[in-house]
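Here is the structure we will look at, set down as structure tokens.
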Amino acid sequence: MAERAEQAVPGAPTGGPAAPPRIAPWLAVYTVGRLAIAAALVLLLWMLGLDFWSGALFGLLLSMPVSYLLLRSSRERLTEGLAARSVARQQAKAAREARLTGDGA
């Protein structure tokens, strides 16, 4: 089995660990983008003559791959932010456990 590599958190200019990036703005951008794409596709299908339920269903289904392709950059930034936050939490937990057991300096 491959050994698990240590994940490093980027350093701050002061030498300490960098603060995890804010994820709320990227989450809002991604969510609003998904909703806008879904609404645009549903409206387009309604204008093309599909009835209410068919247009809504197919519009929502088509919005999934379209969102995946069009919102790639915001999805990747959101994923990076979540991963950095997870690593920072794991390191903080390890440091806290080391302090509580007396292993830390």
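The values are calculated or read from the model by the stated rules, or taken from the named source; none is laboratory data. Small disclaimer: the values here were computed from a predicted structure and weren't measured. All Cβ positions, glycine included, derive from the backbone under ideal geometry; neighbour counts span all protein chains shown.
Of note:
- Flag for residue 98 being surrounded by fewer than 16 Cβ atoms within 10 Å (Cβ to Cβ) and part of a helix (DSSP H, G or I): yes
- Among the conditions (1) under 20 Å from residue 24 (Cα atoms); (2) surrounded by 13 or more Cβ atoms within 10 Å (Cβ to Cβ), the only one that residue 45 does not satisfy is (1).
- Tabulated pairs, the stretch 82-98, first on the phi > 0 side of the Ramachandran plot, second in a helix (DSSP H, G or I), C-beta under 6 angstrom, 6+ apart or interchain: none
- Criterion: among the small types (Gly, Ala, Ser), at pLDDT 85 or above, more than 22 Å from residue 95 (Cβ to Cβ) and under 21 Å from the mean Cα position of the chain (by Cα) - qualifying residue of 28, 40: 28
- Any hit, the stretch 51-72, residues being under 29 Å from residue 23 (Cα atoms), of a type in the set (D, E, K, R) and surrounded by 12 or more Cβ atoms within 10 Å (Cβ to Cβ): no
- Test result for residue 21, surrounded by 13 or more Cβ atoms within 10 Å (Cβ to Cβ), part of a loop (DSSP other than H, G, I, E, B) and either of a type in the set (Phe, Trp, Tyr) or modelled with pLDDT under 90 (or both): yes
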